[in-house]
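Quick notes on the structure that follows.
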Amino acid sequence: MSVIGLAAAISGLMFVAFVNMDVGYTVPSNSSPQVPSAPPPHPAAAPTDIRRVNVLDKVSYDFPAYMLPNMDLSKNPCENFYEFSCAGYEARTVLPDWTPSWAYTWDNVGNKTNMELLRLLQTSNEDAGQWFRACMNVPTSRDFVLVEAHLTAIQSVGSMTELFKAIGQVNRIGTSAFFDWSVSGDEQNPTRRIFSFAEGGISLPDKDFYSQADRSAVNMLLSVITDIMHLAGYSEADAQIIAGDAVAVETHLAAFMWSNTQSRVAKPERYSFAELQSVTPGFEWITVFDTIVAAMMQVNNKIVLHNPLTSGQLFEVDNLHGFYAGMNKIMTADQLPRLKHYMLWRIMKDFSTHLDVRYEKALHRLALVLSGSTTLEPRWMKCKSSVTAALPTAMSKMYMKHFISDATRTSASQMIADIRMEFNAALGREPWMDAKTRSLAQQKLSKALIALGGPPLDSPTPSSESFPITSSYTYNYILASEAEVYSSLKRLGEEVHRLDWNGNTATDINSYYNRAVNVLFIPAGILQPPFFDPQAPLAVNLGAAGVIFGHEFTHGFDDIGSQYNIDCKRQSWWPHSVEEEFTRRSSCVAQHYSSYMVAGVHVKGNLTLAEDLADTGGLRLAWSALTRANGGPVDKKTSQLFFESFAQVWCSKTGEKAQRLGVRTDQHAPSRVRVNAGLSNMPEFAEAFSCPVGSPMNPVDKCSVW
Ligand SMILES: [Zn+2]
């Protein structure tokens, strides 16, 4: 569970970036490997440069100078604190066409970090530098040969058994067709790993996009597939047939999927292979996985692997009797031509971001209808992201060698320890829990580990990052995908390492909590101003980084995290009465968040509940750390600074389409709701800004969980 989510859930583009235009940053050209030379934006003044501002000669505030341009002091903080804190930022920020959203803290810090990584990558002789430079050499039509072999193999399929072999072949390079699989921690035996099947094989963000009255996304998907298959050498007429068939298969699969609110709370069920096969008699699972395993063992003389389905172990299957049973209905010989066309598209979809730019541009048209992004991000940013995804450990180490100081580590560790202490104290007095449950909760909290910065510099290179780097970016993508699949299969028999960063990196401007192992991952990337600055006033640091640390701790006790006991086993450990009270209190939060509207759409409080609980918990914990550090009640100016620092973390400018996409698909509430809903449940906020009872930011009825 991360602190920020995906605004543009397409093509792997994550919350891609831009910056406010008033700082002189020039958007680099997308057509050449040119990189920006202007310095990244940064707080314009030292965090200790506090300025007094008067509002209508009645109220005065003391805020750091760098915060003031983001604010609109003509807004009433008791009506809409987000507007008070961020309307200035939204007004002065101009989004370029290649991103639908830019967030003041997250993206400015991300931009600064990207620039630093860019300088390292350009001169690095290590694998990461080689990957980056191969990527900057835009693939040419010659690289198409690498995918053409797969297309030809799929076209030559003449029977269902051959189709299942083809599914195995595309799976070995990471392409999802019909379903997804992974190897992850076993919720019933947390030190071991288990093989898991999930729903998969569709191109739009979730099932609703295939069934809604608004057909714009499905129509664009049809158009995109037609274009890409035409680029791949099929006639216009054939490309249209392929597109129609591919979308028909995806629509069929989507019809049997869970909604995103259902899948968020679903508990995986475990089955034997015989049970899976009996529900899906038309699917030759053994053929698929024999093919994957045989292909993996051929690659670079890897050690012997076994078909995970014939081990006799149980494995997890999401929605077996819905999705998998539904998928089985089209696994018949008379559907073979249609199934082959679907497979052709699935592989082209994955390769389109790794071939020459015509494919990438064609695929990106989907983003136009989903998020409103009209052009590709600059190539250097795409290449930075791709090397980070392929070589996360190498990138982490490269960054940490230069960009995290001992002083930052020490002061961040102290703040994390302070927040944990506040949570421990809060759990100890939680009035709606009995004494035994309070004690167990405190034990669980005490067992949480902190992974700070990134993977240790002396950690070995994981097998998922052990592959040769060539001069062909397309080929490197294939090698990386194979290494990832091999690494997953190999891990099946291995013990879980709690501190494994699992692909997250030191360079992430984010933070995470992994429920399966009860560990907080705090990347070096987020330990930068204005999130965290050893020079800044404590109220500023606690309002930003402190709330984020508290957010991650609270995830251990959100509506899903609380289902994991002190040994990380997912099983009930609360008495019924405590569970009931928790459900009642968290329902209040879900209803409260659902009452907000963004871009004409209601927030889905049942989709965002875990994140909302983490936000409200994080605020309370950071606030009590401030109170304790102050040795008693906090004066008005300090408390105003704390809440303002929190709000400005979420200043952002987002286009309407991206806002609607976020509300529909993101498990995090929109930025303005995170500020306004979170703070309106805090009496301390109302007191700090003298908000009358019954004003929007100080409702009579408040929700409270942690
Ligand atoms: Zn979170």
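Residues 202, 225: which one is surrounded by 21 or more Cβ atoms within 10 Å (Cβ to Cβ) and closer than 22 Å to residue 148 by Cβ?
Numbers: 202 fails: closer than 22 Å to residue 148 by Cβ.
Just a single option satisfies the conditions, and that option is 225.
Please count how many residues of segment 563-578 are within 27 Å of the chain's Cα centre (by Cα) and of a type in the set (A, V, I, L, M, F, W, C).
Taking segment 563-578 and keeping what is within 27 Å of the chain's Cα centre (by Cα), we get 563-571.
Adding the requirement that they be of a type in the set (A, V, I, L, M, F, W, C) leaves 566, 568.
Looking only at that region, the number is 2.
Restricting to segment 555-582, give me the number of residues that are farther than 30 Å from residue 497 by Cβ and either touching a residue at least 24 places away in the same chain (Cβ under 8 Å) or surrounded by 19 or more Cβ atoms within 10 Å (Cβ to Cβ) (or both).
Number satisfying all stated conditions: 5.
Do we have any residue at all in segment 326-344 that's loosely packed, with under 14 Cβ neighbours inside 10 Å, of a type in the set (Asp, Glu) and at pLDDT 95 or above?
Here is the first cut: in segment 326-344, the residues loosely packed, with under 14 Cβ neighbours inside 10 Å are 329, 332-334, 337.
Still in the list and also of a type in the set (Asp, Glu): 334.
Pick out the ones that are also at pLDDT 95 or above and you get 334.
There is at least one residue in segment 326-344 that is loosely packed, with under 14 Cβ neighbours inside 10 Å, of a type in the set (Asp, Glu) and at pLDDT 95 or above.
With the checklist (1) of a type outside the set (A, V, I, L, M); (2) more than 16 Å from the ligand (Cβ to nearest atom); (3) modelled with pLDDT of 95 or more in hand, flag the one item residue 572 doesn't pass.
(3) is the only condition that residue 572 fails.
If a residue must be touching a Phe, Trp or Tyr at 6+ places or on another chain (Cβ under 8 Å) and either buried (at least 22 other Cβ atoms within 10 Å of the Cβ) or basic (Lys, Arg) (or both), how many such residues does segment 681-702 contain?
Total meeting the criteria: 5.
For segment 497-513, which residues satisfy the criterion of being at pLDDT 95 or above and closer than 20 Å to residue 117 by Cα?
Passing the criteria: 501, 504, 505, 506, 507, 508, 509, 510, 511.
Within segment 88-107, can one find any residue that is of a type in the set (Gly, Ala, Ser), part of a helix (DSSP H, G or I) and under 27 Å from residue 357 (Cβ atoms)? Walk me through it before giving the result.
Restricting attention to segment 88-107, the residues satisfying the condition of being of a type in the set (Gly, Ala, Ser) are 88, 91, 101, 103.
Narrowing further to those that are part of a helix (DSSP H, G or I): 88, 91.
Subsequent filtering for residues that are under 27 Å from residue 357 (Cβ atoms) retains none.
Among the residues of segment 88-107, not one is of a type in the set (Gly, Ala, Ser), part of a helix (DSSP H, G or I) and under 27 Å from residue 357 (Cβ atoms), which makes the answer no.
Within segment 451-496, which residues are without any contact (Cβ under 8 Å) to a residue 40 or more places away in the chain and within 19 Å of residue 136 (Cα to Cα)?
Hits for segment 451-496 are 468, 479.
Using the structure shown, decide if residue 512 is crowded, with 20+ Cβ neighbours inside 10 Å, aromatic (Phe, Trp, Tyr) and in contact with a Ser or Thr (Cβ under 7 Å, 6 or more places away or on another chain).
Details: crowded, with 20+ Cβ neighbours inside 10 Å: no; aromatic (Phe, Trp, Tyr): yes; in contact with a Ser or Thr (Cβ under 7 Å, 6 or more places away or on another chain): yes.
So residue 512 fails the test.
Quick check on my filter: what residues within segment 575-613 are within 16 Å of the ligand (Cβ to nearest atom) and of a type in the set (Ser, Thr, Tyr)?
If the condition is that a residue be within 16 Å of the ligand (Cβ to nearest atom) and of a type in the set (Ser, Thr, Tyr), then 586, 593, 608 are the ones that fit.
Taking residue 548 and the conditions (1) away from the ligand (no atom under 16 Å from the Cβ); (2) of a type in the set (A, V, I, L, M, F, W, C); (3) within 26 Å of the chain's Cα centre (by Cα), which numbered condition does it fall short on, given that it satisfies the others?
(1)
Is it true that some residue in segment 372-392 is assigned by TED's automatic domain parsing to the domain that holds residue 263, hydroxyl-bearing (Ser, Thr, Tyr) and at pLDDT 95 or above?
In the first step, residues of segment 372-392 are kept if they are assigned by TED's automatic domain parsing to the domain that holds residue 263; the result is none.
No, because not a single residue in segment 372-392 is assigned by TED's automatic domain parsing to the domain that holds residue 263, hydroxyl-bearing (Ser, Thr, Tyr) and at pLDDT 95 or above.
Kindly state which helices (runs of 4 or more DSSP H) lie completely within segment 241-308 and contain at least 3 residues that are within 24 Å of residue 172 (Cβ to Cβ) and not assigned by TED's automatic domain parsing to the domain that holds residue 609.
On the way: elements: 260-265, 273-279, 285-298.
Those helices (runs of 4 or more DSSP H) span 273-279, 285-298.
Conditions: (1) within 16 Å of the ligand (Cβ to nearest atom); (2) closer than 26 Å to residue 606 by Cα; (3) of a type in the set (A, V, I, L, M). Residue 566 meets all but one. Number of the miss?
It fails just one condition, (1).
With the checklist (1) surrounded by 17 or more Cβ atoms within 10 Å (Cβ to Cβ); (2) of a type outside the set (S, T, N, Q); (3) in a strand (DSSP E or B); (4) at pLDDT 95 or above in hand, flag the one item residue 190 doesn't pass.
For residue 190, the failing item is (4).
Table: residues versus (1) part of a loop (DSSP other than H, G, I, E, B); (2) within 16 Å of the ligand (Cβ to nearest atom); (3) surrounded by fewer than 23 Cβ atoms within 10 Å (Cβ to Cβ).
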| position | (1), (2), (3) |
| --- | --- |
| 469 | yes, no, yes |
| 476 | no, no, no |
| 500 | yes, no, yes |
| 508 | yes, yes, no |
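Could you tell me which residue of segment 287-310 is surrounded by the most Cβ atoms within 10 Å (Cβ to Cβ), considering only residues that are touching a residue at least 12 places away in the same chain (Cβ under 8 Å) and polar (S, T, N, Q)?
291
The values are calculated or read from the model by the stated rules, or taken from the named source; none is laboratory data. Just so we're clear, the structure is a prediction, and the values are computed from it rather than from any experiment. Cβ atoms come from the backbone with ideal geometry, glycine included; neighbour counts cover every protein chain shown.
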